[in-house]
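First the structure, in the form of structure tokens, and then the observations on it.
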Amino acid sequence: MAIVDELNALQAETLAAIEAAQDTAALEQVRVAVTGKSGTLTGYLRSMGQVPKEERAEVGKAVNTVRNVVEAALEEKKSQLGRAELEARMEAGAVDITLPGRSQQMGTRHLISRITDEISQIFIGLGYVIETGTEVETDYYNFEALNTPADHPARGMQDTFYVVDRSGDVAAVRGESDVLLRTQTSGVQAHVMERQEPPIYMIAPGKVYRRDVADPSHLPQFNQIEGLVVDKGITFGDLKGTLDYVCKAIFGPDRKTRFRPHFFPFTEPSAEADVSCGVCGGTGHLHNGERCRMCKGTGWIEILGCGMVDPNVFAYAGIDPEVYSGFAFGLGVERIACLKYNVPDLRMLLEGDMRFLRQF
Ligand code: DAH
């Protein structure tokens, strides 16, 4: 009978195709072509109505047999290919469980943050208040109110980043002041004196910016801690006593301090404070007689600027210099950190090398 022969041929053909399928996608193609909605075998099932009555039982049986055989073969091949593919995937994505694990690196506080906090704690212990200023500042607070007018030569020492507006012009606030990135934390002094009646005992830690190229002793962005005391009867003796105490608290009780005359526009008299060198013990030379490189043989290391608040600065802030006096100081946090831990190059503080940072 023609149809039954056709069906047998279709079965043989389909079984061969199933056998030849290399992967589940190819097998699926065979399934769709034979038993899918418009598959060849489905076509026979659909056209059963056209088969003459007397042949229908036999043809129907044959179609069902072919369908059962084909479906069983598809099922068998599918699980076989599925297993193989799963094995291949497992092999490709294999994890070597004998490798040591990769643990998350734990960070630490940065040396600069730690030193800033350490120094802040020393001043908090003395009853000082922590103030904060803004890094974007006006020319008025960064220079002018600190007795540093536009033509003052001290401005040349602090090459300034100016903030420009969209047209490229130096930005102005209320049309009166140039806007800049503060070159020193000293501007916080002017803000605090303007808004607060003495007595004032404050420090202001924060970032400052200068147009310097980074080298072992310069960074275009660094941290300072500003200090200001305004009260009745404050003398240079208070300045020396306070800063000597603070230096010993930072570097150790055996360190000495000295004050050298210097110039700052906002203090008069002004001084730079030195701390005795920790490497050579203040002698300027090592045990073997060699010159100490840390202090260049002087026995002293400069650590901060300071002085008595200039009456002009009080005048800008509206404080009566006949009633009040005060002292101010500014120190560089990076410099203190490097001195305390003998770090030879300031840039190491910014490189983010964990081998360096983990030591502190
Ligand atoms: N602002 C100074 C600087 O950046 C440091 C300084 C010196 C601050 C003397 C002071 C001071 O308050 O009295 O070089």
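Please identify the GluC sites (Glu not before Pro) of the range 172-258 that satisfy two criteria: DSSP loop assignment and at most 16 other Cβ atoms within 10 Å. Which are they? If you can, show how the numbers build up before the last one.
Details: sites: 176, 194, 226; in loops: 176.
Taking the range 172-258 and a limit of 16 other Cβ atoms within 10 Å, the loop GluC sites (Glu not before Pro) found are 176.
Each Lys and Arg contributes +1 and each Asp and Glu -1, all at the Cβ; summed about the Cα centre of the range 1-141, the dipole is approximately 720 debye.
Over the range 201-242, what is the mean sequence separation of C-alpha contacts under 8 Å (at least six apart), divided by residue count, expressed as relative contact order in percent? Once divided by the residue count of the range 201-242, the mean separation gives 41 percent. Straight-distance candidates among the aspartates and glutamates for linking to residue 37, with alpha-carbon spacing under 16 Å and chain neighbours fewer than 8 residues away dropped: 28, 71. Computed from backbone phi with θ = phi - 60° and the Karplus coefficients 6.51, -1.76 and 1.60, the 3J(HN,Hα) list for the range 119-130 is 5, 4, 4, 4, 6, 4, x, 8, x, 7, 9, 8 Hz; x is used for glycine and proline.
Remark: the chain carries 57 Å² of accessible area per residue (probe radius 1.4 Å; ligands, DNA and RNA excluded).
The simple spin-label model puts a point 7 Å past each Cα toward its Cβ; for residue 75 and residue 290 those points are separated by 8.7 nm. For residue 207, the lysines whose Cα comes closer than 29 Å to its Cα, not counting residues fewer than 8 places off in the same chain, are 240, 248, 256, 296, 340.
In the chain, a dipole from Cβ-located charges (positive for Lys and Arg, negative for Asp and Glu) runs towards its positive end, and of 185, 201, 250 it is 250 whose Cα lies farthest in that direction. Among the GluC sites (Glu not before Pro) in the range 234-338, those located in a DSSP loop and surrounded by at most 16 other Cβ atoms within 10 Å of their own Cβ are 290, 322. Under 5 Å between amide hydrogens, built in the peptide plane, is the criterion, and for residue 299 it picks out 284 among residues at least 5 positions away or on other chains. For the chain, the longest principal axis of the alpha carbon atoms and the long axis of helix 53-92 meet at an angle near 30°. For the chain, the residue among 42, 294, 267 whose Cα projects farthest onto the positive side of the dipole built from Cβ charges is 294.
Extension gain residue 357-residue 161, at 0.36 nm per residue separation less the Cα-Cα distance, in nm? The partial results should precede the final answer.
Details: separation 196, 0.36 × 196 = 70.56 nm, distance 2.89 nm.
Net length gain for the segment: 67.7 nm.
Distance between the pseudo-spin-label points of residue 150 and residue 347 (7 Å out from Cα toward the beta carbon): 3.7 nm. Please report how far the C-alpha centroid of the range 184-201 lies from that of the range 78-148, rounded to the nearest whole angstrom. So the separation of the two Cα centres works out to 33 Å. Derived scalar couplings between HN and Hα for the range 266-283 equal 9, 10, 7, x, 10, 8, 10, 9, 10, 10, 5, 5, x, 7, 9, x, x, 8 Hz in order, rounded to whole Hz, by the Karplus curve 6.51 cos²θ - 1.76 cosθ + 1.60 (θ = phi - 60°), x for Gly and Pro. For the range 227-276, the set of trypsin sites (Lys or Arg not before Pro) satisfying both a DSSP loop assignment and a count of at most 12 other C-beta atoms within 10 Å is given as 232.
Between residue 38 and residue 212, the contour length at 0.36 nm per residue exceeds the Cα-Cα span by 54.8 nm. Subtracting the Cα-Cα distance of residue 61 and residue 136 from their residue separation scaled by 0.36 nm leaves 17.9 nm.
What does the charge count near residue 302 come to, summing +1 for each Lys or Arg and -1 for each Asp or Glu among other residues with Cβ under 12 Å from its Cβ? Neighbourhood net charge equals +2. Helical runs assigned H by DSSP (4 residues or longer) give the chain a calculated mean residue ellipticity at 222 nm of -12500 deg cm²/dmol, each run adding -39500 (n - 2.57) before division by the residue total.
The string of couplings for the range 2-18 from the Karplus curve (6.51, -1.76, 1.60, θ = phi - 60°) is 4, 5, 5, 5, 4, 5, 5, 5, 4, 4, 4, 4, 5, 4, 5, 5, 4 Hz, one whole number per residue in order, with x for Gly and Pro. The apolar share of the surface of the chain, taken as the fraction of accessible area on carbon and sulfur atoms (1.4 Å probe, ligands and nucleic acids excluded), comes to 52 percent.
The values are calculated or read from the model by the stated rules, or taken from the named source; none is laboratory data. What you see is a predicted model; the values in this text were computed from it and never measured. When we count neighbours, we look across all protein chains shown, and the Cβ atoms used for this are built from the backbone with ideal geometry, even at glycine. Calculation scope for accessible area: heavy atoms of the full protein, side chains included, ligands and nucleic acids excluded. Shrake-Rupley method; radii C 1.70, N 1.55, O 1.52, S 1.80 Å.
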